[in-house]
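All remarks here apply to the structure that follows.
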Amino acid sequence: MPRANEELEELLSEWAELLAVSGADAFRVRAYEKAARAIGGEAEDVRAFDDRAILAIPSVGKSMLARVREYLDTGTVQELEDLREAIPGGMRELLRIPGLGPKKAMLVHRELGVASIADLQTAIAGQKLRGVKGLGAKTEENLARNVANLRATGDRILLDAAMTTAEAVIASITEAVDVEAISFAGSLRRMRETIGDLDVLVASEDAGPVMEAFCAMPRVAEVIAHGTTKSSIRTRKGFQVDLRVVPADSWGAALIYFTGSKEHNIALRHRAIERGLKLSEWGLFEAESGSSIAARTEEEVYAALDLPWFPPTMRENTGEIEAAGAGTLPEPVTVEDLRGDLHSHTDMTDGVAPLERMVEAAAARGYEYYVITDHAEDLAMTGASREQMLDQRKKIARLQKKYPAMRLLHGSELNIGKDGGVDYDPEFLAGYDLLVASVHSLFRLSREETTARLIAAMENPNVHVVGHPMARLIGRREPIDCDFDAVCGAAVRTGTALEVNCFPDRLDLRDDLVRRAVERGVTLAIDTDSHAPRDLENVRYGVATAQRGWARAADVLNARPVEDVLAHVAAKRARA
DNA sequence: GCCGTTTTCGGCCCGACTGTTTTCAGTCG
């Protein structure tokens, strides 16, 4: 049984959006959003919670409890069903367009009958928006651009949504039937930042029951194909999942084939041909005799081609096969290499869980250190005052006694202003153990301004990590424009780490920039930027992104012991 | 709708920015 948390988060988020477009009190909308985030961010499955435990989740009160109970008992909430009836189905998707909030969405609905993104595109094409009072040509142009941006990611879904679905599918199948092996494959296994279709591969000698179990899953909305070796379904959320069943004897070859990438596979087949062999999803064979050389495991197949096993994240044919042949393929950083997390939030600012819960979750991962970096005062909406920060520092010191094996460090996520300045003053900043600084506004400055802005921030002796350096949001916001090589140069010169942010809608630095940074000797920090205990699990996505950029443990600040991290900070401060 | 060292009501969500407007509404972080 999959966790109920994600389902409830989705349900309450939808509820919040429907309330917003129906003109409900903004605080009420916010209460639903907060409850959704808090439940989704809860590390344990709420299905197993009693009422007291549910009420202990931040932002969940009696009202929310009743709804959670109704959902867990009946699979639905009547009040939400009624709200869905009352509001056109396409209104929610309109809210995904940046620059179009609940008010404008309702405005175009009321004035132009727009009830979906397709309707909006038609209205934009006909220049109808500029005729509506309160909107103008500029708004129309901006929305046109933002819709196009959204469409560029198309029907692809973010990594974590794909992973959640894939894990649930695998759980459903393994609960129903015995299989010899099962794995997701394709771009999800390679951990691409967005995923088109999900591929699930099963090794079994008896495909029939596997197919039956797959097509009978409760999350199936539509069976697209139901065959003997391949079936496809569409989930209720609209994701297509392809299932393939292969004999266990071909498992390794099939897993390579279906994991891809296509370019990696083509290169492997060329390599096979050079050796008088033939590679397919069924195995590696002698070209002439057709006798099998290897097929059962990925390792065997790669070894028979004189190659090491490649982490799926590195299978993009961007030089990995040549590098392996030359013995220069780096050993990429792994989740196990990470000793701590340098960027996390609590409910003192925009996190959803109290300090104690976040620290508990970090300790449960076995971290050697954990840095709390709540937002600083310049972020008007959420940033903490000096008094709050000092108070938090005392709480951390007290909490430290409970965790002898994990060093708790006090930091902050500073805001990088237009000219590269940050919050507070040097004296106050000197009181922190480590500081992250990030761009949170003014995303469309010129390349020159942005480059200068980032470099100025890095020259500050109290900026030790640049958080989500390109400030992009996948599918929603383009990265800021900068001279990345100049930024890398400054990072090396000033001893500043660049973050690989693990949030599934950020993954920033992106894989290709990681690779450029690593080539230029930049130190990275793989941080979850957690806002809830559950977010700590996102570390796998950041590590995958770093692997895709060929980063080694040696390139990563938080793969080092705490003494080295503190020495890194001290060294930068000493240069000032 | 949640919350409480200001505790069962009245705050919570502030400031920058954009675009549309002549003084402000909507959106975003």
Evaluate segment A:143-161: report whether one residue or more is modelled with pLDDT under 90, surrounded by fewer than 18 Cβ atoms within 10 Å (Cβ to Cβ) and near DNA strand B (Cβ under 7 Å from one of its atoms).
-> no
Starting from segment A:308-333, keep only residues that are under 14 Å from residue A:543 (Cα atoms) and surrounded by fewer than 18 Cβ atoms within 10 Å (Cβ to Cβ), then list their pairs with residues that are modelled with pLDDT of 95 or more and acidic (Asp, Glu) whose Cβ atoms are within a distance under 9 Å, requiring at least 6 positions of separation or different chains.
-> none
Which residue out of A:75, A:113, A:89 is under 30 Å from residue A:132 (Cα atoms), of a type in the set (Gly, Ala, Ser), without any contact (Cβ under 8 Å) to a residue 24 or more places away in the chain and more than 12 Å from DNA strand B (Cβ to nearest atom)?
-> A:113
Output the qualifying pairs, or none if there are none: Cβ atoms under 6 angstrom, residues six or more apart or on different chains, first residue in segment A:506-519 and closer than 12 Å to residue A:551 by Cβ, second residue of a type outside the set (Ser, Thr, Tyr) and assigned to a helix (DSSP H, G or I).
-> A:511/A:548; A:514/A:546; A:517/A:488; A:518/A:555
For residue A:425, which of the numbered conditions (1) without any contact (Cβ under 8 Å) to a residue 40 or more places away in the chain; (2) on the phi > 0 side of the Ramachandran plot fails to hold?
-> (2)
Selection from segment A:72-94 of residues closer than 15 Å to residue A:150 by Cβ and either basic (Lys, Arg) or surrounded by fewer than 17 Cβ atoms within 10 Å (Cβ to Cβ) (or both) yields A:90, A:92, A:93
Do we find a residue being touching a Phe, Trp or Tyr at 6+ places or on another chain (Cβ under 7 Å), in the same structural domain as residue A:242 (by TED's automatic domain parsing) and surrounded by 17 or more Cβ atoms within 10 Å (Cβ to Cβ) anywhere in segment A:201-221?
-> yes
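Okay, residues lined up against (1) among the basic types (Lys, Arg); (2) within 21 Å of residue A:34 (Cα to Cα):
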| position | (1), (2) |
| --- | --- |
| A:69 | yes, yes |
| A:77 | no, yes |
| A:83 | no, yes |
| A:95 | no, yes |
| A:99 | no, no |
| A:117 | no, no |
| A:121 | no, no |
| A:124 | no, no |
| A:130 | yes, no |
Please indicate, with yes or no, whether at least one residue in segment A:114-129 is within 27 Å of the chain's Cα centre (by Cα), more than 26 Å from residue A:3 (Cβ to Cβ) and not assigned by TED's automatic domain parsing to the domain that holds residue A:346.
-> yes
Selection from segment A:362-385 of residues that are within 13 Å of DNA strand B (Cβ to nearest atom) and outside any strand (DSSP E or B) = A:376, A:377, A:378, A:379, A:380, A:381, A:382, A:383, A:384, A:385
Evaluate segment A:458-468: report whether one residue or more is over 30 Å from residue A:431 (Cβ atoms), out of contact with any strand residue (DSSP E or B) (no Cβ under 6 Å at 6 or more places or on another chain) and not acidic (Asp, Glu).
-> no
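In this structure, does residue A:439 turn out to be closer than 24 Å to residue A:567 by Cβ and buried (at least 20 other Cβ atoms within 10 Å of the Cβ)?
Numbers: closer than 24 Å to residue A:567 by Cβ: no; buried (at least 20 other Cβ atoms within 10 Å of the Cβ): yes.
Spelling it out, it is not the case that residue A:439 is closer than 24 Å to residue A:567 by Cβ and buried (at least 20 other Cβ atoms within 10 Å of the Cβ).
Looking at A:400, A:392, A:388, which is the one that is touching a residue at least 40 places away in the same chain (Cβ under 8 Å), away from DNA strand B (no atom under 13 Å from the Cβ) and closer than 24 Å to residue A:429 by Cβ?
The conditions single out A:392.
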All but one of (1) at pLDDT 95 or above; (2) more than 27 Å from the chain's Cα centre (by Cα) hold for residue A:71, so report the exception by its number.
-> (2)
Restricting attention to segment A:160-198, which residues are touching a residue at least 60 places away in the same chain (Cβ under 8 Å) and closer than 14 Å to residue A:251 by Cα?
-> A:180, A:181, A:183, A:185
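The values are calculated or read from the model by the stated rules, or taken from the named source; none is laboratory data. In this text, all values refer to a predicted model and were calculated from it rather than measured experimentally. FYI the Cβ positions are ideal-geometry reconstructions off the backbone, even for glycines, and counts take in every protein chain you see.
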